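Worksheet for the structure shown next.
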Amino acid sequence: MANVIAAIDALTEIILANKEKLTELDAAIGDADHGINMARGFEAVHAKLATAGSDDIGGVLKMSGMTLISTVGGAAGPLYGTAFIRMAAAAQGKTTIDTETAEAMFEAAIGGIKERGKAVRGEKTMLDALEPAYEAFSQGMAEGEDLLRCLELATDAAGKGVEYTKTIIATKGRASYLGERSLGHQDAGATSTYLMLAALTAFAKKYSREA
Amino acid sequence: MANVIAAIDALTEIILANKEKLTELDAAIGDADHGINMARGFEAVHAKLATAGSDDIGGVLKMSGMTLISTVGGAAGPLYGTAFIRMAAAAQGKTTIDTETAEAMFEAAIGGIKERGKAVRGEKTMLDALEPAYEAFSQGMAEGEDLLRCLELATDAAGKGVEYTKTIIATKGRASYLGERSLGHQDAGATSTYLMLAALTAFAKKYSREA
Amino acid sequence: MKKLINNAEQVVEEMLQGAVLAHPQYVKRVEGFNVLVRANSPVQGKVALVSGGGSGHEPSHAGYVGRGMLDGAVAGAVFTSPTPDQVYEAVKAVDGGKGVLLVIKNYTGDIMNFEMATEMAEADGIKVAKVVVNDDVAVENSTWTTGRRGIAGTVFVHKIAGAKAETGADLAEVQKTAEKVIANVRSMGMALSPCIVPAAGKPSFTLAENEAEIGMGIHGEPGTHRETVRPADETAEHLVNKILADMSLDAGDEAAVMINGLGGTPLMELYVINRKVAAMLAERNIKIAKTYIGNYMTSLEMAGFSVTVLKLDSELKELLFAQADTPALVQF
Amino acid sequence: MKKLINNAEQVVEEMLQGAVLAHPQYVKRVEGFNVLVRANSPVQGKVALVSGGGSGHEPSHAGYVGRGMLDGAVAGAVFTSPTPDQVYEAVKAVDGGKGVLLVIKNYTGDIMNFEMATEMAEADGIKVAKVVVNDDVAVENSTWTTGRRGIAGTVFVHKIAGAKAETGADLAEVQKTAEKVIANVRSMGMALSPCIVPAAGKPSFTLAENEAEIGMGIHGEPGTHRETVRPADETAEHLVNKILADMSLDAGDEAAVMINGLGGTPLMELYVINRKVAAMLAERNIKIAKTYIGNYMTSLEMAGFSVTVLKLDSELKELLFAQADTPALVQF
Ligand SMILES: Nc1ncnc2c1ncn2[C@@H]1O[C@H](COP(=O)(O)OP(=O)(O)O)[C@@H](O)[C@H]1O
Ligand SMILES: Nc1ncnc2c1ncn2[C@@H]1O[C@H](COP(=O)(O)OP(=O)(O)O)[C@@H](O)[C@H]1O
Ligand SMILES: [Mg+2]
Ligand SMILES: [Mg+2]
Ligand SMILES: [Mg+2]
Ligand SMILES: [Mg+2]
């Protein structure tokens, strides 16, 4: 359990470290709050988990999701919050996360985000990082890679997805109002997704070394 | 008659040429409108005299004063307007202005300004240019100087008065709210008074050469 | 960043405290939440209206809480949609048994958060309906975007649907009236200067000394294009033409107009703009039944304005002219 | 200079046209003059109130023309006292036979121009009385100045003397009430940024990125001193302390408060300021009967605010709470 909490703390850390960067990305084609919102949310999650730890992975994820929903606001709050709650459901009753569980959680998260946000890949949103990441993860699994390697593949794919968002016009979220003017800019939400995957991968690497 | 109108046009010219400078002086310790106000007023006077010339010096001056009162606004409008109207009374019925008439006009103008503005010399106002100018004019007269020379003396004295305003604290007008902070700054109204005297002197000089 | 604040993190909290202290006759706080509701909430026997959104648009939305307009307003972080739990608290606090209409501006975040709140309230058995305001014609209507943004036209929705609710109409009727306003209201804005989100500490964009951003939203997000600042009349003309091109307002029709300041623009300039807007409508023989001019839906300290035109029929006109008594809009 | 205007020379004229177009139910123009009077002027059987001053303080003063407040407002050039002939026209247009009270802010220019107008009107047999508002405590009261400036407290004079006039009181009584307001009202302001007189085209002073000007007037004229921008609470504290030191407001007394924006400051920040102001009065056990918060007496696009405190007795309170129906202040 401590590990899930530590993993989420790793997310908090990377979000706080990139608060300004995410806000700047959002300023260019949005409303300059993505980093601020995410930081507020993860600080709240961190505080919550510090005082009221839950007894299973599902519980921790659900509590985190609920906290994100009630503290982040904007578009990212419901989307990431829903993702966490869906991941909680997928991890229900688990005490460790194996590759299969991770894949199921990944899939659940994407499903939640798509349902809430009514977006598909290619609209310059977090999905442009998350979906390729998921696909790379699945393919890695199919090729028999371990969880850490699958996560590395996912993170790489998310990073490419972030780059890809620069090349497309936004058709969902606030940047969509800009039309052509959104070209050349990197999506803030895709970036935060990438950063969290990277942090998770780094955490898994460190953890697997320690274990 | 044409000469009085031409003289007033000379005032208009110098005010318009110094519109920005007077406004800047007023910006430092006032409200940044003296040049704008005076320019608006003298443009109106010019237009008025161009269409409705009067038949004596008094009439021209009175019309000018009334126009200044109804177009300048602020502190300078009533003060200069009153000065012109008082000068009109002093020049009533005259067709040329000799030194005695000029002195009477000068005195009347100062009386009007003091009555309206309830200020005395030394309060960092137009009076700090006008009163020394009047005294120099009178002294020149007492010493037997001609009108042009008296005007030259008056203008010199007004110039010194302008310099003097830099050394004193304002106790009347908008600059008085600044207290000590008004020190070192030159009074806008004293400056416009000096400029008009200078223009009048230049006009008299040109006129006396032409005559 | 020069602001009259104490702390960027606390600015919404302190603003809400200051608002309750300023307007105790109108509003009270829902303890523990960033929600202001009418001092006498819940009002029984009347559909309640709840609106909200990110902060920074003051007096929107708490300024419109009072008789004849809203029952509750939810304040998110600056320019950030409020969270579902906050909206849910507002709904619970104002429901007088006839249900609650949510007035939402068309932003992804607002819609998702208000929808989640709706799910929560409905689970409690509260009747909830919603309308989505999308009056901004700056953004071309196309299948490529999430639709148009909601901006100052929202205030007309508050006013008219609020008046309808006071008549005792039921939830479906109030919703229908709100939708009629939305169908008939169009806006467009522009900015001369950006604004600074307190927590960000710097402007979200910069404009050169002679540049204007046309088609601005109200969150400091960029507009449709930039241009050299033009005379007020030309600017007004551009906006009004875009607005009129998008609505069927014919000679003889009646309209309400709002000249909305974005926060940093003096009323003097709004009057200069109104002169041209009124002239353009008069030319087209469109009667202006009522003009609202001032800061209604702002964007912090941004200099700029928006124009809103609402086409009136007899129902909308009567409700627009109905009494209102709120901190920011009082009408006999 | 970035402004929504067409032409610096025409800005007052165009503003007045825009105002009449926006508020035909409230005001009409005295043809050929920069004077707006009530749409139903002259109102018979009632003392009339006329105020005015330089333009650039909108909604002052034309925004307060209407039932319960002013009868006429005279607009000078930007920040420049109006000329006597303009004031005279206003007086003639509003006199309903019971005389006219002139509400003048304490500036040399205003006083001289209004006095000359008084002489003109009296020559016509119109009864004219005047009061001079001097609420700004920033400028130390001393024999060395022309006295204190009149700033936002003027709006309380309009409101209360206007309400008194509606009761049918005679000219001397209305004047006496106005003087009571003046005796009991104190204000002080500060600015975060300067403003630009359109015809001047550049700011009348400049402030560094971290500087504030304390004790600002409302004409872009410098204040009493400069300092590094402080947190809102400290700034509010400084102003309120100066105000309270100058009035005898004791525990148990009642007061009205105005948190006035200078034109470029968002309402959000005014609420943050109000939070502190209200707390300071509460600490001293002074009851706030009513708070006005918003842009009442502005200085073009200047960022900053002023605080006004008015000590109430039962007469002033009743008149403050009386109805008003004007473009900028409506009160049930
Ligand atoms: N409909 C959507 N589906 C998925 N992701 C979205 C959607 N709309 C916006 N996003 C993501 O949310 C990010 C913006 O988040 P944030 O700035 O916190 O919210 P807001 O846009 O409300 O200010 C975008 O960069 C984008 O990645
Ligand atoms: N009481 C007074 N008596 C004489 N001159 C005065 C008085 N008050 C102000 N002035 C003069 O008027 C000038 C300011 O004029 P102006 O800027 O046009 O008016 P305002 O101060 O109303 O903006 C000052 O520089 C000063 O010379
Ligand atoms: Mg954002
Ligand atoms: Mg001046
Ligand atoms: Mg946002
Ligand atoms: Mg002036």
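Of note:
- Checking C:K290 against (1) in a strand (DSSP E or B); (2) over 23 Å from C:H61 (Cβ atoms), the condition it does not meet: (2)
- Meeting the requirement of 1 or more residues that are farther than 30 Å from D:T146 by Cβ and touching a helix residue (DSSP H, G or I) at 6+ places or on another chain (Cβ under 8 Å), the helices (runs of 4 or more DSSP H) wholly within the stretch B:45-122 are B:57-71, B:99-117.
- Complete set of residues in the stretch C:75-89 that are hydroxyl-bearing (S, T, Y) and either more than 9 Å from ligand 5 (Cβ to nearest atom) or assigned to a helix (DSSP H, G or I) (or both): C:T83, C:Y88
- If you go through the stretch A:61-107 and pick out every residue that is within 12 Å of the chain's Cα centre (by Cα) and more than 22 Å from A:T125 (Cα to Cα), you end up with 0.
- Restricting the stretch D:107-129 to residues that are surrounded by fewer than 21 Cβ atoms within 10 Å (Cβ to Cβ) and touching a residue at least 40 places away in the same chain (Cβ under 8 Å), the residue that is farthest from ligand 6 (Cβ to nearest atom) is D:K127.
- Annotation: B:A6 fulfils all but one of (1) under 15 Å from the mean Cα position of the chain (by Cα); (2) more than 10 Å from ligand 2 (Cβ to nearest atom); (3) in contact (Cβ under 8 Å) with a residue 60 or more places away in the chain; the unmet one is (1).
- Candidate set from the stretch D:17-60 (those that are among the polar types (S, T, N, Q) and in a loop (DSSP other than H, G, I, E, B)); member that is nearest to D:K127 (Cα to Cα): D:Q44
- Matching residues in the stretch A:64-91 - criterion: being more than 14 Å from ligand 1 (Cβ to nearest atom), among the hydrophobic types (A, V, I, L, M, F, W, C) and without any contact (Cβ under 8 Å) to a residue 24 or more places away in the chain: A:M66, A:A90
- Residue in the stretch B:157-170 that is aromatic (F, W, Y), more than 14 Å from chain D (Cβ to nearest Cβ) and in contact (Cβ under 8 Å) with a residue 40 or more places away in the chain present: no
- Condition check for C:P59: in contact (Cβ under 8 Å) with a residue 24 or more places away in the chain and within 16 Å of ligand 3 (Cβ to nearest atom): no
- All positions within the stretch C:15-36 that are within 14 Å of C:A328 (Cα to Cα) and either free of Cβ contacts under 8 Å to residues at least 24 places away in the same chain or of a type in the set (V, I, T) (or both): C:V20, C:P24, C:Q25, C:V27
- Considering residues of the stretch C:79-116 that are facing another protein chain (nearest Cβ under 10 Å) and small (G, A, S) only, the residue farthest from C:L36 (Cα to Cα): C:G109
- Restricting the stretch D:213-257 to residues that are free of Cβ contacts under 8 Å to residues at least 24 places away in the same chain and closer than 27 Å to D:V197 by Cβ, the residue that is nearest to ligand 2 (Cβ to nearest atom) is D:E221.
- Within the stretch D:280-310, considering residues that are under 30 Å from D:A208 (Cβ atoms) and surrounded by fewer than 24 Cβ atoms within 10 Å (Cβ to Cβ), the one nearest to the chain's Cα centre (by Cα): D:G294
- Scan of the stretch D:214-240 for residues that are closer than 30 Å to B:A32 by Cβ and not in a loop (DSSP other than H, G, I, E, B), ordered by number: D:I214, D:H225, D:R226, D:E227, D:T228, D:A232, D:E234, D:T235, D:A236, D:H238, D:L239, D:V240
- Scanning the stretch B:113-130 for residues that are in contact (Cβ under 8 Å) with a residue 24 or more places away in the chain, away from chain D (no Cβ under 14 Å) and surrounded by fewer than 20 Cβ atoms within 10 Å (Cβ to Cβ) turns up nothing.
- Qualifying residue in the stretch D:96-119 (condition: more than 16 Å from ligand 4 (Cβ to nearest atom), aliphatic (A, V, I, L, M) and in a helix (DSSP H, G or I)): yes
- Test result for D:N274, under 18 Å from the mean Cα position of the chain (by Cα), buried (at least 24 other Cβ atoms within 10 Å of the Cβ) and closer than 17 Å to D:R186 by Cα: no
- Which listed residue, of C:A172, C:A161, C:A183, C:A138, is of a type in the set (A, V, I, L, M, F, W, C) and touching a Gly at 6+ places or on another chain (Cβ under 7 Å): C:A138
- Subset of the stretch A:29-44 (residues that are outside any loop (DSSP other than H, G, I, E, B) and within 14 Å of chain C (Cβ to nearest Cβ)): A:I29, A:H34, A:G35, A:I36, A:N37, A:M38, A:A39, A:R40, A:G41, A:E43, A:A44
To keep it simple, each residue is scored yes or no on (1) in contact with a Lys or Arg (Cβ under 9 Å, 6 or more places away or on another chain); (2) within 14 Å of chain A (Cβ to nearest Cβ).
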{"residue": "C:A200", "(1), (2)": "no, yes"}
{"residue": "C:P203", "(1), (2)": "no, yes"}
{"residue": "C:T206", "(1), (2)": "no, yes"}
{"residue": "C:N210", "(1), (2)": "yes, no"}
{"residue": "C:E213", "(1), (2)": "yes, yes"}
{"residue": "C:H219", "(1), (2)": "yes, yes"}
{"residue": "C:H225", "(1), (2)": "yes, yes"}
{"residue": "C:P231", "(1), (2)": "no, no"}
{"residue": "C:E234", "(1), (2)": "yes, no"}
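- For the stretch A:30-40, the set of residues classified as more than 8 Å from ligand 1 (Cβ to nearest atom) and touching a residue at least 24 places away in the same chain (Cβ under 8 Å) consists of A:G35, A:A39, A:R40, listed by residue number.
- Under the condition of being among the charged types (D, E, K, R) and either within 10 Å of ligand 2 (Cβ to nearest atom) or within 17 Å of B:A136 (Cα to Cα) (or both), the residues counted in the stretch B:154-211 number 6.
- C:G147 being surrounded by fewer than 23 Cβ atoms within 10 Å (Cβ to Cβ) and either within 16 Å of ligand 5 (Cβ to nearest atom) or part of a loop (DSSP other than H, G, I, E, B) (or both): yes
- Residues of the stretch C:1-29 satisfying the condition of being over 17 Å from A:G73 (Cβ atoms) and either away from chain D (no Cβ under 11 Å) or aromatic (F, W, Y) (or both): C:Y26, C:V27, C:K28, C:R29
- Residue within the stretch B:182-203 that is assigned to a helix (DSSP H, G or I), within 14 Å of chain D (Cβ to nearest Cβ) and either away from ligand 4 (no atom under 16 Å from the Cβ) or of a type in the set (S, T, N, Q) (or both) present: yes
- Candidates in the stretch D:160-205 are the residues that are modelled with pLDDT of 95 or more and among the charged types (D, E, K, R); of these, the one that is surrounded by the fewest Cβ atoms within 10 Å (Cβ to Cβ) is D:D170.
- Residue count for the stretch B:91-118 satisfying the condition of being under 30 Å from B:L178 (Cα atoms), small (G, A, S) and away from ligand 6 (no atom under 16 Å from the Cβ): 3.
The values are calculated or read from the model by the stated rules, or taken from the named source; none is laboratory data. Computed from a prediction, not measured in an experiment: that's the story for all the values here. As a convention, Cβ positions derive from the backbone with ideal geometry for all residues, glycine included, and neighbour counts pool all protein chains shown.
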